[in-house]
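**Student:** Got a structure here, written out as structure tokens. Questions coming.
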Amino acid sequence: MNDSSSAPTTRMPSTLVVLVLSMLLGLQPVATDLYLPSLPTIQLELGAGMPQMQLTLTALLLAFGVSQLVWGPLSDRYGRKPVLLLGLAAFVAASIGSVFAASIEQLIVWRTLQGVAMGAGVMCARAIVRDLYAPVDGARIMSKGLTGLGVIAAFSAPVGGLLAQYVGWRSALAALAVFSAVALALVALRFEETAPHKGRSVGAAALLANARLILAHRTFWAYATLATVSYAGLFTFLAASSFVFIQVLGHSKTEFALFMTSMTLAYISGTFICRRLLLRFGVQKTVAIAGVCTLTAGTTMGLLALAGVQSAWAIMVPFWLFMVGHGVHQPCGQSGAVGPFPQAAGTASALSGFLMMVAAFGMGLWLGHSLAGIAPGQGTVLPLTNGIWFWSVLIAATAWTLVKNHGAPPAPVAPSATSHPSA
């Protein structure tokens, strides 16, 4: 399955691999989408300001990004499974702690720990794809895993809305513990190690040399940038949408959850379209086609808002098209960033994930300032629509320049010689 002669053999069927990927990648939408309908209620009950509420998301994502810089090299040295077991166990513990948070400060701390733990799961998922598959095949397998993520996200929003509406926001956080416990059991009982060089002696100098090698590679930057700007556009919607739809536009939590579900269904459609386009056009042309969808969506949404059209449909219809493009950009971007590095996939995955979360963190800080002072029936949709428009332009530009010029399927790059046991 891999183009590297050192690739491990595995008895795991491809269906199990896709299931594991879906559960690990699904940690991220579960940690955000399930929680979003509860944000206005949490703000009221804990007496938090808008910047503090945004911090419950941005702190999670910043911790998620930074932690991958540690988890990635550790997984290259000790294997994916030990890192997954430790990370998932910590995620379960942090999720339980968040249920009993008595203040917004405590909730931020537990959410930060969730982000640290989540980094292990999502980073390893991307690395596992490179462990087992060559780059082009990896994009298709990643697309299947992200389809599973989409299914999980489709259920997360309505379940989170129903729990927040009828049981309370703490029950939505408890659901995170249940999901992560199931993922932990799956990895412990069914997952087989995939890292091709588990157990090799890797010193700090070798790890830094590998990181420098990855960061100097143009193909890494082309696809890591694509994944970063595409995720930043999605995060803009995730961080702002509950306040815009519920407080500015006056929709209920249940209606908001349905909007979230429809957005996820558009994303799932994009992952199916991605696989078909890859077979016909290859990665670079597929990404370029999706860039047209993304730019059309962001520009339409932005112009409608500037024209004074403030309605759910003026946001959602263009955003469905944005999410179709996102369903193409993410599998291509995430698999492409690790493609040249079969022997250092964990480190490459970590660096790519870190860039994604830095962009999301910066956007979250800006949104916390821009959305401050929103009250029921007041405010504007412009922070949401302008933000998505901005990222749409960057996504299309990345697809049509960086990926076009540097995104050809790469030859594998060997890690630093100092990383081998004989060194």
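**Student:** Could you run through segment 137-149 and say how many residues are surrounded by 24 or more Cβ atoms within 10 Å (Cβ to Cβ), within 16 Å of A183 (Cα to Cα) and among the small types (G, A, S)?
**Tutor:** Of the residues in segment 137-149, 1 are surrounded by 24 or more Cβ atoms within 10 Å (Cβ to Cβ), within 16 Å of A183 (Cα to Cα) and among the small types (G, A, S).
**Student:** Within segment 228-258, how many residues are without any contact (Cβ under 8 Å) to a residue 60 or more places away in the chain and touching a helix residue (DSSP H, G or I) at 6+ places or on another chain (Cβ under 7 Å)?
**Tutor:** Residues in segment 228-258 being without any contact (Cβ under 8 Å) to a residue 60 or more places away in the chain and touching a helix residue (DSSP H, G or I) at 6+ places or on another chain (Cβ under 7 Å): 0 in total.
**Student:** Name every residue in segment 126-185 that is of a type outside the set (V, I, T) and outside any helix (DSSP H, G or I), in order of residue number.
**Tutor:** Answer for segment 126-185, where residues must be of a type outside the set (V, I, T) and outside any helix (DSSP H, G or I): Y133, A134, G168.
**Student:** Something else about it: Somewhere in segment 78-95, is a residue surrounded by fewer than 24 Cβ atoms within 10 Å (Cβ to Cβ), among the aromatic types (F, W, Y) and under 30 Å from F220 (Cα atoms)?
**Tutor:** Yes, some residue in segment 78-95 is surrounded by fewer than 24 Cβ atoms within 10 Å (Cβ to Cβ), among the aromatic types (F, W, Y) and under 30 Å from F220 (Cα atoms).
**Student:** Report whether or not L207 is modelled with pLDDT under 95 and assigned to a helix (DSSP H, G or I).
**Tutor:** Answer is yes for this residue.
**Student:** Checking the condition of a type outside the set (F, W, Y) and under 20 Å from T225 (Cβ atoms), which residue from T300, T347, T264, T296 passes?
**Tutor:** T347
**Student:** Kindly list the number of the only condition in (1) of a type in the set (V, I, T); (2) over 16 Å from L234 (Cβ atoms); (3) part of a helix (DSSP H, G or I) that fails for V324.
**Tutor:** If we test V324 against (1) of a type in the set (V, I, T); (2) over 16 Å from L234 (Cβ atoms); (3) part of a helix (DSSP H, G or I), just (2) comes out false.
**Student:** Identify all residues within segment 253-286 that are more than 18 Å from the chain's Cα centre (by Cα) and among the β-branched types (V, I, T); write none if there are none.
**Tutor:** Scanning segment 253-286 gives T254, I273, V283, T286.
**Student:** Out of curiosity, is T194 crowded, with 24+ Cβ neighbours inside 10 Å, closer than 30 Å to L258 by Cβ and modelled with pLDDT of 85 or more?
**Tutor:** no
**Student:** Considering only residues that are assigned to a helix (DSSP H, G or I) and either modelled with pLDDT of 85 or more or hydroxyl-bearing (S, T, Y) (or both), which ones fall in segment 45-64?
**Tutor:** Those that are assigned to a helix (DSSP H, G or I) and either modelled with pLDDT of 85 or more or hydroxyl-bearing (S, T, Y) (or both): E45, T56, T58, A59, L60, A63, F64.
**Student:** Does segment 293-310 hold any residues that are in a helix (DSSP H, G or I) and either buried (at least 17 other Cβ atoms within 10 Å of the Cβ) or in contact with a Lys or Arg (Cβ under 7 Å, 6 or more places away or on another chain) (or both), and which are they?
**Tutor:** Passing the criteria: C293, T294, L295, A297, G298, T300, M301, G302, L304, A305.
**Student:** Also, I was wondering about something else. Between residues in segment 20-48 that are more than 17 Å from G364 (Cβ to Cβ) and residues that are acidic (D, E) and part of a helix (DSSP H, G or I), which pairs lie under 8 Å by C-beta distance while being six or more apart or on different chains?
**Tutor:** Nothing qualifies.
**Student:** Checking A102 against (1) surrounded by fewer than 24 Cβ atoms within 10 Å (Cβ to Cβ); (2) within 20 Å of the chain's Cα centre (by Cα); (3) farther than 16 Å from S180 by Cβ: exactly one of these is not met. Which one?
**Tutor:** With (1) surrounded by fewer than 24 Cβ atoms within 10 Å (Cβ to Cβ); (2) within 20 Å of the chain's Cα centre (by Cα); (3) farther than 16 Å from S180 by Cβ applied to A102, the lone miss is (2).
**Student:** Somewhere in segment 73-81, is a residue over 20 Å from A348 (Cβ atoms) and not in a helix (DSSP H, G or I)?
**Tutor:** no
**Student:** So which residues in segment 1-37 are modelled with pLDDT under 80 and surrounded by fewer than 24 Cβ atoms within 10 Å (Cβ to Cβ)?
**Tutor:** M1, N2, D3, S4, S5, S6, A7, P8, T9, T10, R11
**Student:** Keeping to segment 96-105, report how many residues are part of a helix (DSSP H, G or I) and within 22 Å of L44 (Cβ to Cβ).
**Tutor:** Total satisfying the criteria: 5.
The values are calculated or read from the model by the stated rules, or taken from the named source; none is laboratory data. Just so it is clear, the model here is predicted, and its values are computed rather than measured. All Cβ positions, glycine included, derive from the backbone under ideal geometry; neighbour counts span all protein chains shown.
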